[in-house]
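A short worksheet on the structure shown next.
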There are 2 protein chains.
Amino acid sequence: MASHVPAMKDKIKIPESAIRRLSLYHRHLASLQSLGVETISSREIATVYGLAPFQVRKDLSYFGTFGHRGRGYSIIKLREKIGKILGLDRAWTMALVGAGNIGMAVFRYQELRSQGFKIAAVFDSDPKKIGKKLESGVVIKALDQIPHEVQRLGIELGVLAVPSEAAQAAADSLTAAGVKAILCFPSGQINVPKDVAVKRVNLGVDLETLSYFLTNR
Amino acid sequence: MASHVPAMKDKIKIPESAIRRLSLYHRHLASLQSLGVETISSREIATVYGLAPFQVRKDLSYFGTFGHRGRGYSIIKLREKIGKILGLDRAWTMALVGAGNIGMAVFRYQELRSQGFKIAAVFDSDPKKIGKKLESGVVIKALDQIPHEVQRLGIELGVLAVPSEAAQAAADSLTAAGVKAILCFPSGQINVPKDVAVKRVNLGVDLETLSYFLTNR
């Protein structure tokens, strides 16, 4: 389909929809924690997202037992545990390929930085952009620098924000240099090695779910 | 959940995943049509997206019978039919609230324009941005102009690209003025009337599906 995440060996396959809900729960727990709230029930989490409480309990159950029935969950512990599951207990350095409108919007997206995602390398093919120093001190480099920079910085996560025609070549450079997961904005087919995960972001497809709704309501 | 699309009365409920696949098929058919290809089989469509052919046939079957088994589908007819289903046989004027990095990236996103989505009104709270004329001739207006402009232009589709704290008020203005579908970038809860569809775009959640993958592989 649009996105492709390789199956994990010897592990329960957790649906992506559950992972996405855990991300949301994690955000909600963080905001409650900042307000000084200490415990929460699965019912309360469910209410926020319009879900059935059993769905919340099921999502959490993939990872073992959390909290105690009736007494609710400790927000600090639950947040910590979900954060660890999602890999948010560490920082992620990322490479961004494409410093156009979308790329720079991602680069400047504050929420990503606060979640531990930091863009440490930016690449573009435009000679007018190459050499430009961005706010964080990162200098835009040419595409042929991808292998060297990605390896030097040990980057595993890439963001592709190039036109569709340039997507395959950029994906090839990233994966050859060791990138194992790509957030991909261009539409169109890209092929990556089997052990690389690709998550598609397609605003056109998102908008068309809405035009479909407006057309067929 | 993250997104909320009201159920449609007296109609078969089509899963959002099927609508999203139809969007992808539509893109693929357009590119084949531009290459002069005339027919395609469900198997060929399936191969492009790594799907089972029966999945493609099932997605298309929601809307009646297309094509003929064995002979494949006429690309022109199939594209036209899917386009009509998705509401792409007409233009959509949209209102954008928030002219920051994300909002302007959406505004300048060429693919949306080519699919018939046109941002006809842009709003922001920043006095330095209000009055600024954008490339297409659209002038950024203050938030208090939302009701008047949205009604005057008959806008049904809104894009929310404001900080989370400002999201509810902006959503209220849009829906009060008649907007029935919102593409929503800020995270956090927003409440809309029951007949309004909200499609969430959350890059943080998308990235966390990848950090989850990298952590648990």
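Evaluating A:Q145 against the criteria (1) over 30 Å from A:R57 (Cα atoms); (2) within 15 Å of the chain's Cα centre (by Cα); (3) modelled with pLDDT of 95 or more leaves one unmet condition, (2).
Taking the conditions exactly as written (charged (D, E, K, R), free of Cβ contacts under 8 Å to residues at least 60 places away in the same chain and away from chain A (no Cβ under 14 Å)), does B:D144 satisfy them or not? Taking the combined requirement at face value, the residue satisfies it. Residue check: A:Y49 meets all listed conditions (1) surrounded by 13 or more Cβ atoms within 10 Å (Cβ to Cβ); (2) modelled with pLDDT of 90 or more; (3) of a type outside the set (V, I, T); (4) within 18 Å of B:S187 (Cβ to Cβ) but one, namely (2). Can you tell me which of B:I82, B:I102, B:I119 is under 17 Å from A:D206 (Cβ atoms), β-branched (V, I, T), facing another protein chain (nearest Cβ under 9 Å) and open to solvent by less than 70 Å² (accessible area, probe 1.4 Å)? Testing whether each residue is under 17 Å from A:D206 (Cβ atoms), β-branched (V, I, T), facing another protein chain (nearest Cβ under 9 Å) and open to solvent by less than 70 Å² (accessible area, probe 1.4 Å) leaves just B:I102. Is it the case, given these coordinates, that B:K141 is among the basic types (K, R), in contact with an Asp or Glu (Cβ under 7 Å, 6 or more places away or on another chain) and surrounded by 15 or more Cβ atoms within 10 Å (Cβ to Cβ)? Spelling it out, B:K141 is indeed among the basic types (K, R), in contact with an Asp or Glu (Cβ under 7 Å, 6 or more places away or on another chain) and surrounded by 15 or more Cβ atoms within 10 Å (Cβ to Cβ). Among the numbered conditions (1) of a type outside the set (A, V, I, L, M); (2) out of contact with any Gly (no Cβ under 8 Å at 6 or more places or on another chain); (3) in a loop (DSSP other than H, G, I, E, B); (4) under 30 Å from B:A18 (Cα atoms), the only one that B:K128 does not meet is (4). Do we have A:L78 as outside the structural domain of A:L174 (by TED's automatic domain parsing) and either in contact with a Gly (Cβ under 9 Å, 6 or more places away or on another chain) or of a type in the set (S, T, Y) (or both) here? It is true that A:L78 is outside the structural domain of A:L174 (by TED's automatic domain parsing) and either in contact with a Gly (Cβ under 9 Å, 6 or more places away or on another chain) or of a type in the set (S, T, Y) (or both). The condition (being at the interface with another protein chain (Cβ under 9 Å from one of its Cβ atoms), within 26 Å of B:R113 (Cα to Cα), small (G, A, S) and surrounded by fewer than 22 Cβ atoms within 10 Å (Cβ to Cβ)) is satisfied by just one residue among A:S164, A:S211: A:S164.
Looking only at region B:167-208, residues that are open to solvent by 40 Å² or more (accessible area, probe 1.4 Å), at the interface with chain A (Cβ under 9 Å from one of its Cβ atoms) and in contact (Cβ under 8 Å) with a residue 60 or more places away in the chain come to 2 in all. Can we say A:S125 is more than 18 Å from the chain's Cα centre (by Cα), open to solvent by 40 Å² or more (accessible area, probe 1.4 Å) and either assigned by TED's automatic domain parsing to the domain that holds A:L24 or at pLDDT 95 or above (or both)? It is true that A:S125 is more than 18 Å from the chain's Cα centre (by Cα), open to solvent by 40 Å² or more (accessible area, probe 1.4 Å) and either assigned by TED's automatic domain parsing to the domain that holds A:L24 or at pLDDT 95 or above (or both). Given the conditions (1) of a type in the set (V, I, T); (2) open to solvent by less than 20 Å² (accessible area, probe 1.4 Å); (3) more than 20 Å from the chain's Cα centre (by Cα); (4) farther than 23 Å from B:R21 by Cβ, report the number of the one that A:V150 does not fulfil. Failed condition: (3). Scanning region A:21-33 for residues that are farther than 17 Å from B:I190 by Cα and surrounded by fewer than 20 Cβ atoms within 10 Å (Cβ to Cβ) yields A:A30, A:Q33.
The values are calculated or read from the model by the stated rules, or taken from the named source; none is laboratory data. Being a predicted model, the structure only gives us computed values, none of them experimental. Ideal geometry is used to build each Cβ from the backbone, glycine not excepted, and the neighbour counts take in all protein chains shown. With ligands, DNA and RNA removed, areas are computed over all heavy atoms of the protein, side chains included. Shrake-Rupley method; radii C 1.70, N 1.55, O 1.52, S 1.80 Å.
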